[in-house]
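Working notes for the structure below.
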Amino acid sequence: MRSTRNLLLCLFGLVSLYANSQELEPRAYAALPKNLNAIAFAYAFSRGNVLSDPSLPISNFKVDVHGLAGVYLHTFAVGNKLARVQVNVPFMFISGKLQINGRDTSGVRNGFADTRIRLGINLTGSPALGRKEFRGYTQKTIIGVSLITNVPTGLYYSDKRINCGSNRWGLKPEVGISKRFKRVYAEAYAGVWFYSDNHKYLVDKTLHQEPVFSLQVHCSYYFKNLMWVSINTTWFNGGKTLVDDKPQGDLLDNWRIGATWAVPVAKGQSVKLQFHTGAFTESGYDYKTVQLVYQRIF
């Protein structure tokens, strides 16, 4: 019974690791004026199941996550090209429960999650323009690259299986392309997550995860009042996880779909509502998420 319980808690602890690869965010390579600053505050609620080995004597393995985040974005010029840096600092409230042979088991963890930093540059199609020049700019095709870094600043207890932080670095090189067709904006980006090992997993064990490939596609429609809506999808593959070289689970052929609705509420201010769910999840955390974001540009 103890070994089964340990495996289940290990799977629950990997929920946050799986979530790292499952971004679903439109407009990552959109054209913007240089020297722009934006702050955003977000709330998200996720609820779902952890899919594990069906031979285990468990049922009703469910996880709820409430998340708060502060985001800062700044654009600047590198030569004549538009670049941007974005910093995301999240705080999480995680609770989970399951039944082992009919007996209830639960766990809770609250604290800061890992900080995420995105540094990107649009290589073609998006020159670094001031705000006045930008008003007359018509976007064509943009090709950009980014490096996303997951910094292990989150709450982490080496003797606990449930943690908000991952105690490891993550790096994701990414390439994106976007194009605007009158009121329709289409974009796609692909990247690969690489993770360092966590040498303090369950005190003295080593957790290793192989690279995760991800692909996102978004299609947005813009209205005259600057409101926009989009359909979003992402697919990710890979991520075999080992603890002391023993396989713990795979992240294979998972596909998510969602939608985003953004509305301007005042000059330089907007509110965004996003929803996404699993279209196909082979293993790991199969969840639904609703997110509300307030953004201010200055």
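The values are calculated or read from the model by the stated rules, or taken from the named source; none is laboratory data. Computed from a predicted structure; not experimentally measured. Counting neighbours? That spans all protein chains shown, and the Cβs are built from the backbone with ideal geometry, glycine included.
Numbers below:
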{"quantity": "Only listed residue being touching a strand residue (DSSP E or B) at 6+ places or on another chain (Cβ under 9 Å), modelled with pLDDT of 95 or more and surrounded by fewer than 16 Cβ atoms within 10 Å (Cβ to Cβ), chosen from 45, 76, 93", "calculated": "76"}
{"quantity": "Filter result for the condition that a residue is surrounded by 16 or more Cβ atoms within 10 Å (Cβ to Cβ) and farther than 30 Å from residue 80 by Cα, over 235, 169", "calculated": "235"}
{"quantity": "Of the criteria (1) within 29 Å of residue 217 (Cβ to Cβ); (2) of a type outside the set (Phe, Trp, Tyr); (3) touching a Phe, Trp or Tyr at 6+ places or on another chain (Cβ under 6 Å), which one residue 151 fails", "calculated": "(3)"}
{"quantity": "Hits in region 179-188 (condition: surrounded by 16 or more Cβ atoms within 10 Å (Cβ to Cβ) and at pLDDT below 95)", "calculated": "180, 185"}
{"quantity": "Cβ-Cβ under 7 Å pairs, at least 6 apart or on other chains, region 208-231 side in contact (Cβ under 8 Å) with a residue 60 or more places away in the chain and of a type in the set (A, V, I, L, M, F, W, C), far side assigned to a strand (DSSP E or B) and crowded, with 21+ Cβ neighbours inside 10 Å", "calculated": "212/193; 212/236; 212/239; 212/251"}
{"quantity": "Residues satisfying the stated conditions in region 100-116, i.e. part of a strand (DSSP E or B) and surrounded by fewer than 15 Cβ atoms within 10 Å (Cβ to Cβ)", "calculated": "103, 104, 106, 108, 110"}
{"quantity": "Residues that are at pLDDT below 80 and loosely packed, with under 15 Cβ neighbours inside 10 Å, drawn from region 275-291", "calculated": "279, 280, 282"}
{"quantity": "Lone unmet requirement of (1) out of contact with any helix residue (DSSP H, G or I) (no Cβ under 7 Å at 6 or more places or on another chain); (2) at pLDDT below 95; (3) closer than 26 Å to residue 45 by Cβ for residue 224", "calculated": "(3)"}
{"quantity": "Members of region 135-184 found to be part of a strand (DSSP E or B), of a type in the set (Ser, Thr, Tyr) and under 17 Å from the mean Cα position of the chain (by Cα), listed by number", "calculated": "146, 149"}
